[in-house]
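Okay, so here's the structure we're looking at.
The values are calculated or read from the model by the stated rules, or taken from the named source; none is laboratory data. Computed from a prediction, not measured in an experiment: that's the story for all the values here. Note that each Cβ is placed from the backbone with ideal geometry, even for glycine, and that neighbours are counted across all protein chains shown. Protein only, heavy atoms only, side chains kept; ligands, DNA and RNA dropped before computing areas. Shrake-Rupley method; radii C 1.70, N 1.55, O 1.52, S 1.80 Å.
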Amino acid sequence: MSCTTILVGKKASFDGSTLVARNEDSGSGQYNAKKFVFVKKEDQPKVYKSVISKVEIPLPENPLSYTAMPEAVAGQGIWAACGVNAKNVAMTATETITSNERVLGADPLVVYQKSVGTKGEANYKEEIPGGIGEEDIVSIVLPYISSAREGVIRLGSLLEEYGTYEKNGIAFQDENEIWWLETIGGHHWIARRVPDDSYVIMPNQLGLDYFDLEDALGKGENFLCSADLKDFIEKYHLDLSLDGSLNPRDAFGSHSDADHVYNTPRAWVLQRYFNPMSNTYDGIDADLRPDDDDIPWASVPEKKITVEDIKYALSHHFQGTPYDPYKKHGDTSQAGAFRPIGINRNNFLGLTQIRSDKPDPIKAIEWLALGSNTFNAMAPFYVNITNTPAYLRDTTGRVTTESFYWINRIIAALADPYFADTANLIERYQEKVGSFAWEMIYKTDEKIISGNLSREDSLEILEEANEKIAKMLQKETDDLLDQVLLVASNKMTNSFSRSDA
């Protein structure tokens, strides 16, 4: 799936927490309903079987419980997407990335092959399972790790053993570290620790622009990789550097015309947002342009980054630039030229905030927004729970305003044609939801801290807080639908100004 990911190190965030966020987006013309669930450890299978690739993987004993954002409609597998486990370790999977022919020829993707012919006949060929993919990764990794680094190592070993049928980037997070892993061909992988003072923007493109093989194959302090990566690079002449400094983008990635429309502009516009004074961004002589292949993977922001910054960034549609599809004034010839971040087919935004200065029961918060981010709001939920609010949990394939996913889809479709007329309504809604959310966090945190409550003793309080947030979210979203519907109704083509009333 196409996505955009933001990673923020603890020294770059507003409160010292690690922040990992990703938009999960459907493919063009598709929409995948999502739901927010809690997976109990006793419900985790002993053997995992992939729907898409048919691969079967025995799982370790003693899994952890965890939150997840699976598909609401059964049929294509779980697609757990993102979550936090009982040890306050989080992951998000996956960011679909790119590669090149040299890599894929040297280490082909492990694609499922159907059986051929009839069993018992001479020409019969048995089916061959494929590797693991986005459908599977959270479910087979998150319940079994105690740190971000452990997540990299576990997933890396699974990739080496089973392979993958697609090209993906995956983030792992605990209170101290964020690690980013990228797959290389069918079985190889690289991972880098996000610098504490930096943020990372990942569109759908292999992102790492520097890799220290010596560290990865030695101490592994900031880099990790598959054990034979050095030999693999040398055998297939993948290192394109002139000075011996490995650039993974050049070695393993792509620099296509499609990247310059679909991927690099997203990295460019968010560098522009987080570092407006550090570079020039416009004109032929700009430091960074939308089609540049050397936009930094990690940058130090000009100010500390907040939850609200991330929501705004992952809702971005190139506002303030000539490429905004909603641009109506001046020269509009380039409006809509690039793929927006806040796009019609956002399934959900999941932001995990892990706070090192808070006690264990409230260390992790999962912020969620469903539907197209340009038109929705993001709300926080504690993860030390045994259940999730029905408003986000009980999503199905049925369109209903009783579901946070579906009502946001409806609002977006109604508001989009009348963007200028509804933007102020959306902004007020987002501010109201955000203000109440922070009020609930402050009050709930204080209850847990002042009472010095254990995980078990805090459960009821945290689940009650989640329910209050969900009820507020439902009321405010219902009110927004009412207002947006009125605007859209008054602007229908068959309207007429004369009234008999």
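Listed values, structure above:
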{"item": "Residue pairs meeting the criteria (Cβ under 6 Å; at least 6 apart or on separate chains; first open to solvent by 60 Å² or more (accessible area, probe 1.4 Å), in the range 95-108; second of a type in the set (G, A, S))", "result": "P108/G186"}
{"item": "Residue pairs meeting the criteria (Cβ under 6 Å; at least 6 apart or on separate chains; first within 27 Å of M378 (Cα to Cα) and assigned to a helix (DSSP H, G or I), in the range 441-462; second among the aliphatic types (A, V, I, L, M) and modelled with pLDDT of 95 or more)", "result": "T444/A465; D445/I362; K447/I461; I448/I362; S458/I448; L462/I385"}
{"item": "Scope the range 1-49; condition more than 20 Å from R266 (Cα to Cα), among the hydroxyl-bearing types (S, T, Y) and within 21 Å of the chain's Cα centre (by Cα); matching residues", "result": "S13, S17, T18, Y31"}
{"item": "When residues of the range 227-258 are limited to those that are open to solvent by less than 10 Å² (accessible area, probe 1.4 Å) and touching a Ser or Thr at 6+ places or on another chain (Cβ under 7 Å), the one nearest to D294 (Cα to Cα)", "result": "G253"}
{"item": "Matching entry among K54, K34, K11 (being in contact (Cβ under 8 Å) with a residue 60 or more places away in the chain, of a type in the set (K, R) and under 19 Å from Y382 (Cα atoms))", "result": "K34"}
{"item": "Residue match in the range 297-310 (condition: touching a residue at least 40 places away in the same chain (Cβ under 8 Å), closer than 28 Å to D250 by Cα, open to solvent by less than 20 Å² (accessible area, probe 1.4 Å) and within 17 Å of the chain's Cα centre (by Cα))", "result": "yes"}
{"item": "Filter pass, V73 being closer than 23 Å to R393 by Cα, open to solvent by 50 Å² or more (accessible area, probe 1.4 Å) and of a type in the set (A, V, I, L, M, F, W, C)", "result": "yes"}
{"item": "Test: residue in the range 148-157 that is in contact with a Pro (Cβ under 7 Å, 6 or more places away or on another chain) and in contact (Cβ under 8 Å) with a residue 12 or more places away in the chain", "result": "no"}
{"item": "Those residues of the range 311-360 which are of a type in the set (V, I, T) and either in a loop (DSSP other than H, G, I, E, B) or surrounded by fewer than 23 Cβ atoms within 10 Å (Cβ to Cβ) (or both), in sequence order", "result": "T321, T332, I341, I343"}
{"item": "Flag for L485 being in contact (Cβ under 8 Å) with a residue 24 or more places away in the chain, in a helix (DSSP H, G or I) and over 26 Å from E308 (Cα atoms)", "result": "yes"}
{"item": "Enumeration of residues in the range 259-280 that are out of contact with any helix residue (DSSP H, G or I) (no Cβ under 8 Å at 6 or more places or on another chain) and surrounded by 18 or more Cβ atoms within 10 Å (Cβ to Cβ)", "result": "D259, N263, T264, P265, R266, A267, W268, V269, Q271, R272, N275"}
{"item": "Condition met for I411 (in contact (Cβ under 8 Å) with a residue 60 or more places away in the chain, open to solvent by less than 70 Å² (accessible area, probe 1.4 Å) and in contact with a Gly (Cβ under 9 Å, 6 or more places away or on another chain))", "result": "yes"}
{"item": "G397 open to solvent by less than 80 Å² (accessible area, probe 1.4 Å) and in a loop (DSSP other than H, G, I, E, B)", "result": "yes"}
{"item": "Residue match in the range 15-27 (condition: among the acidic types (D, E), closer than 30 Å to P195 by Cα and open to solvent by 20 Å² or more (accessible area, probe 1.4 Å))", "result": "yes"}
{"item": "Unique match (being open to solvent by less than 40 Å² (accessible area, probe 1.4 Å) and not aliphatic (A, V, I, L, M)) among E126, E177, E160", "result": "E177"}
{"item": "Scope the range 213-226; condition open to solvent by 20 Å² or more (accessible area, probe 1.4 Å) and in contact (Cβ under 8 Å) with a residue 12 or more places away in the chain; matching residues", "result": "L213, L217, E221, N222, L224"}
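Results for (1) within 30 Å of N85 (Cα to Cα); (2) surrounded by 14 or more Cβ atoms within 10 Å (Cβ to Cβ), shown as yes or no for each residue.
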site	(1), (2)
K447	yes, yes
E456	yes, no
A470	yes, yes
L473	yes, yes
T477	yes, yes
Q483	no, yes
